1. Would you order 90, 113 from fewest to most other beta-carbon atoms within 10 Å of each residue's own beta-carbon?
2. What fraction of the DSSP beta bridges in region 51-121 is antiparallel, stated in percent and rounded to the nearest 5?
3. Just the number, please: percent antiparallel of the DSSP beta bridges in the chain, rounded to the nearest 5.
4. Given a 10 angstrom Cα cut-off, can you work out which residue in 13, 105, 75 is the most mobile in a GNM of the chain?
5. Going by how many other Cβ atoms sit within 10 Å of their own, how do 36, 84 line up, fewest first?
6. Listing 18, 112 from the residue with the fewest other Cβ atoms within 10 Å to the one with the most, what is the order?
7. Quick one: helix 98-109 against the long Cα principal axis of the chain, what's the angle to the nearest 10°, folded into 0 to 90?
8. Report Rg/Rh for the chain, rounded to two decimals, where Rg is the Cα radius of gyration and Rh the Kirkwood radius.
């Protein structure tokens, strides 16, 4: 036996006696930015909804007369705020169209991203 083999056996014997695991193979370091993106995709967290996407979807979902009198203003914690210019349009949206609009927006963007719609005059 040469010196390398003896020292390896000593290390193994001491590790067994101490009940410590054998040393693990060390992997080469990776860039954090290369790992975060795929991890977020697996979790479905990285999906970002842009304002342009919401505005385009809104104008496609609602009739042109309603699209001309409304405008998506903000999306915070799953609550989409829509500004409405006229009280009659506000009433129609709130009382008659809200459930269907919510379903359509959730189908496009996901239930996790849009949970509620609020209509505000202004």
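1. Ranking 90, 113 by Cβ neighbours within 10 Å, fewest first, gives 113, 90.
2. 50 percent
3. 50 percent
4. Evaluated over the chain, the most mobile residue of the options is 13.
5. 36, 84
6. 18, 112
7. Roughly 40 degrees, rounded to the nearest 10.
8. On the Cα set of the chain, Rg over Rh gives 1.52.
Every number in this text was worked out from the coordinates using simple rules, so none of it is lab data. All of these numbers come straight from a predicted model, not from anything done at the bench. Cβ coordinates were reconstructed from backbone atoms using ideal geometry, including for glycine residues, and neighbour counts include every protein chain displayed.
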